[in-house]
1. Exactly one of these conditions fails for residue 256: (1) touching a strand residue (DSSP E or B) at 6+ places or on another chain (Cβ under 7 Å); (2) within 22 Å of residue 150 (Cα to Cα). Give me its number.
2. Out of 245, 153, 228, which single residue is free of Cβ contacts under 8 Å to residues at least 12 places away in the same chain and under 18 Å from residue 293 (Cα atoms)?
3. Looking at region 50-79, which of its residues are hydrophobic (A, V, I, L, M, F, W, C) and in contact with a strand residue (DSSP E or B) (Cβ under 7 Å, 6 or more places away or on another chain)?
4. Please verify whether residue 130 is under 24 Å from residue 175 (Cβ atoms) and touching a strand residue (DSSP E or B) at 6+ places or on another chain (Cβ under 8 Å), treating the condition exactly as stated.
5. Please verify whether residue 18 is within 22 Å of residue 169 (Cα to Cα), out of contact with any helix residue (DSSP H, G or I) (no Cβ under 9 Å at 6 or more places or on another chain), assigned by TED's automatic domain parsing to the domain that holds residue 125 and of a type outside the set (Ser, Thr, Tyr), treating the condition exactly as stated.
6. For region 294-319, what are the residues that are under 24 Å from residue 284 (Cα atoms), touching a Gly at 6+ places or on another chain (Cβ under 6 Å) and assigned to a helix (DSSP H, G or I)?
7. Going by the structure shown, is residue 269 in a loop (DSSP other than H, G, I, E, B) and small (Gly, Ala, Ser)?
8. Would you call residue 125 surrounded by 24 or more Cβ atoms within 10 Å (Cβ to Cβ) and β-branched (Val, Ile, Thr)?
Amino acid sequence: MRLTDRFFGTFSQDIGIDLGTANTLVYVRGRGIVINEPSVVAINKKTGAVLAIGKEAQRMVGRTPAHIVAIRPLKDGVISDFEVTEQMLRYFIQRVHQEGFHLLPRPRIVIGIPSSVTEVERRAVEEASLRAGARRVFLIEEAMAAAIGSRLPVHEATGNMVVDIGGGTTEIAVISLGGIVVSRTLRVAGDEMSENIIHYARDNFNMVVGERTAEDVKIRIGSATELPEPLETPLRGRDLVTGLPKEVMISDSQVREALHRSLSTIVAAIKSVVEETPPELISDIIEQGIMMAGGGSLVRGLDQVIHQATRIRTYLADDPLTTVVRGTGFVLEDLEALQEVLLPSVHDTHLK
């Protein structure tokens with residue numbers, strides 16, 4: 001590490017970011033998680049002006065006049081709108097620095113990204129971060145960040161298996177000696193599950209429901225296995241025939257039917273990663289278990305379904321929603337020791 005970098009590192013508010021499709025979480029070195037907001041930006045199409053970012057913008061989703069659009073600038077874990085992502089990152093970086101001195105050096109940033117991103121996508125993340133105000137950018141695979149955030153022994157010669165189900169992607173990885181041995185990235189995760197509920201409502205109740213409504217239903221009563229006590233919740237939307245508001249009661253078994261395809265895809269991918277894992281590491285994983293992280297892992301009973309499919313003990317990380325960002329934070333706290341888990345930079349990110 002360069003001398004100037006070490007000097008500036010003493011004073012800058014270095015930050016770790018879980019740049020998620022659904023939510024962006026920010027960890028500040030020495031302070032912990034300071035921001036957890038939706039990855040949404042509201043823009044006035046007439047003027048191009050950004051009206052709101054994060055929670056404020058989320059409140060506008062589906063409730064705005066035609067010239068105001070609420071954009072999610074990340075799709076399937078990667079940047080789909082470069083300029084909007086840059087503005088969102090700049091906003092979060094400025095929020096962190098508002099609470100400190102204005103003369104602080106620009107921060108070093110560690111960002112979690114899906115394992116399968118292309119070089120072009122990696123460059124987009126780096127450049128958006130640099131243009132948003134970062135001094136240096138380090139990238140880490142989300143599965144590795146989740147493992148570090150859960151304090152798994154990633155540097156030891158032992159197999160650790162992680163399943164991180166986020167908003168846009170599901171990351172499945174086997175980690176040993178500070179590297180990923182086998183991995184799989186699926187574009188099937190929390191957003192796809194919400195989409196399943198939207199399709200189910202249209203096909204079975206003849207009604208249109210919004211993304212946020214579907215997500216609320218998923219969180220309230222979504223499950224992968226039969227529940228000890230049946231649950232139900234109101235589902236509100238618009239009748240496809242009359243165009244008028246409509247409300248029906250939806251049960252956990254109906255939501256389970258809606259989610260079945262997505263959950264089966266995730267479980268099948270986990271099984272195939274287990275099948276590809278070297279035998280020595282499998283014996284470690286049988287002993288250690290499969291660790292689940294990310295918001296999608298909170299679907300009731302999903303850990304049991306994975307356990308039944310793989311015959312390996314499956315458990316949830318502590319606070320699965322913050323596992324990846326905590327991992328980026330732990331890397332920041334000890335950058336020199338954890339340098340080897342970072343991805344190589346696509347271009348030289350050393351800025352004077």
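1. Residue 256 satisfies all of (1) touching a strand residue (DSSP E or B) at 6+ places or on another chain (Cβ under 7 Å); (2) within 22 Å of residue 150 (Cα to Cα) except (2).
2. Numbers: 245 fails: under 18 Å from residue 293 (Cα atoms); 228 fails: under 18 Å from residue 293 (Cα atoms).
Criteria check complete, one pass: 153.
3. Start the filter on region 50-79 by keeping residues that are hydrophobic (A, V, I, L, M, F, W, C), which leaves 50-53, 57, 60-61, 66, 68-71, 74, 78-79.
Of everything in region 50-79, those that are hydrophobic (A, V, I, L, M, F, W, C) and in contact with a strand residue (DSSP E or B) (Cβ under 7 Å, 6 or more places away or on another chain) turn out to be 50, 51, 52, 53, 57, 60, 61, 68, 69, 70, 71, 74.
4. On the way: under 24 Å from residue 175 (Cβ atoms): no; touching a strand residue (DSSP E or B) at 6+ places or on another chain (Cβ under 8 Å): yes.
When the stated conditions are applied, residue 130 does not pass them.
5. Values: within 22 Å of residue 169 (Cα to Cα): yes; out of contact with any helix residue (DSSP H, G or I) (no Cβ under 9 Å at 6 or more places or on another chain): no; assigned by TED's automatic domain parsing to the domain that holds residue 125: yes; of a type outside the set (Ser, Thr, Tyr): yes.
So residue 18 does not fit the description; no.
6. None; the set is empty.
7. Considered against the rule, which asks whether it is in a loop (DSSP other than H, G, I, E, B) and small (Gly, Ala, Ser), residue 269 comes out as no.
8. Working: surrounded by 24 or more Cβ atoms within 10 Å (Cβ to Cβ): yes; β-branched (Val, Ile, Thr): yes.
So residue 125 fits the description; yes.
The values are calculated or read from the model by the stated rules, or taken from the named source; none is laboratory data. All values derive from a computational prediction rather than experimental measurement. Neighbour counts are summed over all protein chains in view; Cβ atoms, including those assigned to glycine, are modelled from backbone coordinates with ideal geometry.
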